[in-house]
Amino acid sequence: MKCRPVVAPLHNSFRLSSSLHRSSAAGCLSMLVLLMGTGCIELPDTPPLDKKVLHLEQNWTADEREEFYHISQGTVLMKADWFLALEQPEIKFVGTVGMLRDDDYMARFGFLPDEKSARNPQGLPVGLAVTDVVLPVEGERQTVVGLTCAACHTGQLEYGDTAVRIDGGGAQIDVTKFQEALGASLMLTAKTPTRFRRFADRVLGANVGPSERQALKQEVTKVLRRGVQESLANRSKQLYDGRPGGFGRTDALAKIGNYVFGTELDDANLDHGGAPVKFPQLWDSPWFDWSQYNGSISQPMVRNIGEALGVRAQVNLDPRSERFLDSTVDIEGLHRIENLLAGGAPLQGLQSPRWPKDVFGELVETRVAQGAELYRSHCQKCHLPPLQSPQIWESENWIGNDAPSMTAGLQPPKQRRRYLNLNSVNLGAIGTDPGQATQFFQRYVKTNRLVLPSLTSGPWNRGRWEDRDWYKNVEPTREMEYPETVLPAGVALQRLTVAVAERYYDKQDFNEDQRELYNGYRNPAASSRLEYRPRPLNGVWASPPYLHNGSVRTIFQLLSPLEERDRVFYTGTRQYDPRHLGFKNIRFRGAFRYDTSIEGNHNTGHLFDAQPLGDGVIGPLLQVDERYQLIEFLKSLGPAGVPPATFLVNDD
């Protein structure tokens, strides 16, 4: 078991020469200060924060919305009093330095400000929570600040003087730059006497003695040293060099594997990430049969524990420890989040927003009708019938939790449930950037002393594939035996997340019915498929940019031939284009330059073109007016209605 930082790593907040890799933290600081003068952590200016926020009807009360914004999932950035006491990582010789948590500074990373409330007494931005945890290695209780589900899954579209809030939509935060600033701020605090004095006054109080201040200084230095060690390990592997996610994206599966099986277990498991994906919209997703863009996870508790571990919930991976598999993961919080999203019946939880006509303009009904015909002809075979149509409740669109693909080789849950049976489109047919699917397919990890028991006697489910130049080196099938200490990353993650959940259930003395309830009445099925899974398109207008990797800026471009798509564009703005359905392309200081020629960023595939179908072409060339007709129809799509009685009768 390795020591961990109790603060996010410094990542690329400074780039060190080979000699400085071996230097002291003071040497790191000198390089940091030098680079900060040249704009190392380049951020956009503070966006306007005075726009009127419009909350659309999405089947949540105001209190449920606020609960989602700040409910903990057990992640640990750092001690809460430290976070609240840190200053912005800026060097000023005149004037005062602002606080890191200030709304206008956090907004530069894409965080949305929020008011003080009973659920947010510190007035933190959407997506941050203060909670008490017991560190699973040390056994020490701490009050910490961490990222919530809402940090990555609360969107906003800005038009004129109105900011349209999209609950469950993809956020536009830059997690990497936020972590860089957090690490840089802590380093400046540790190495600048006057800054540390102010920090200590805020954390301890102005009247404490030198011994308490020295103890705090040692603790900060210890945490900082761990963060530097992790950063240097990441740098030595060049984990994310040249392929940053920017605003609204992260290489989620790679980073989960790197933190859990690399940082927490063995640096040999650190793997070069290179397939950032956009933060997906969450409405209806609890009722999908499989989640993740590549359809790799089915059970909600497994999915949510993996996500929490990926954003730095902590787990004890030392089999010799009496706290083995204890974690900071907030199982109760995750269960509550899932209930908020799912609701009490199929597709009755968080719902997609309806097009706000008074902000973005009225719909043209003749175009809506024309677009509906185009949708039936070109889109429905992959994206299913519109959820607002009665057709969606037909049995062919649903799959039971007792289906072989859903049971993971285990007995199905006692309580029968049905889930929306999404289609799968293999990589060769859809032609979009394959990186997210192929990298997960290829990755193996060493578990060393960490023996994770098998959950199923069935084969590791590997999906269909078709040959294509980009991934000819990927084996089409791998029904291979592997030693228990070397596992496919998906198998290892499946086993670990199940073990973390079961550890909590055992400590709470849950019976079988309680375990099924918390697991969402699903077995922990997992898969590694060379496929992507298209979802229903209600609310798609509110979730730009497009494709799984966010490589196509607008819906209009998504309906266009490849040569009409932006090869390079800029992200970081929330200014919305209601005609083409997407964010505007605005180059500004601190914007992220999205280059689609980079592996992982390709904007190919999902093409409507005058070429034979296949190899990324999915439909005929659409005339410009036809594209606008489809756009008008997509604007009109709403959430599902109430399930018919005949549908619910079939569930226990």
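Worth pointing out:
- Counting other Cβ atoms within 10 Å as a rough exposure proxy, the listed residues Arg101, Arg141 run Arg141, Arg101 from fewest neighbours to most.
- Normalised convex hull volume, region 270-336, alpha-carbon set, Å³ per residue: 123
- Seen from Asp566, the other residues with C-beta closer than 13 Å to its C-beta sum to a net charge of +2, counting Lys and Arg as +1 and Asp and Glu as -1.
- Here the Karplus curve 6.51 cos²θ - 1.76 cosθ + 1.60, taken at θ = phi - 60°, turns the phi angles of region 324-340 into couplings of 3, 6, 5, 8, 8, 4, 8, 4, 5, x, 5, 5, 5, 4, 4, 5, 4 Hz, with x standing for Gly and Pro.
- Here is the P(r) of the chain: all C-alpha pair distances, binned every 10 Å from 0, give 3, 16, 27, 28, 18, 7, 2, 0 in whole percents.
- For Leu49, Leu157, Leu363, Leu112, order by how many other beta-carbon atoms lie within 10 Å, fewest first: Leu49, Leu363, Leu112, Leu157
- Of the chymotrypsin sites (Phe, Trp or Tyr not before Pro) found in region 65-99, those in coil by DSSP whose Cβ has at most 10 other Cβ atoms within 10 Å are Phe93.
- With respect to the chain, whose longest principal axis is taken over its alpha-carbon atoms, helix 25-36 is tilted by about 60°.
- Listed residue pairs exceeding 20 Å between alpha carbons, taken from Lys51/Lys116; Lys584/Lys635; Lys79/Lys278; Lys255/Lys446: Lys79/Lys278
- On Cα atoms only, tilt of 489-507 relative to the major axis of the chain in degrees: 70
- From least to most packed, judged by other beta carbons within 10 angstrom and beginning with the fewest, Leu317, Leu613, Leu309 follow the order Leu613, Leu317, Leu309.
- Rounded tilt (10° steps) of 624-636 against the dominant C-alpha axis of the chain: 70
Just so you know, all these numbers are worked out from the coordinates, no wet-lab data involved. Note that the coordinates shown come from a computational prediction; the quantities given were computed from them, not determined experimentally. Ideal geometry is used to build each Cβ from the backbone, glycine not excepted, and the neighbour counts take in all protein chains shown.
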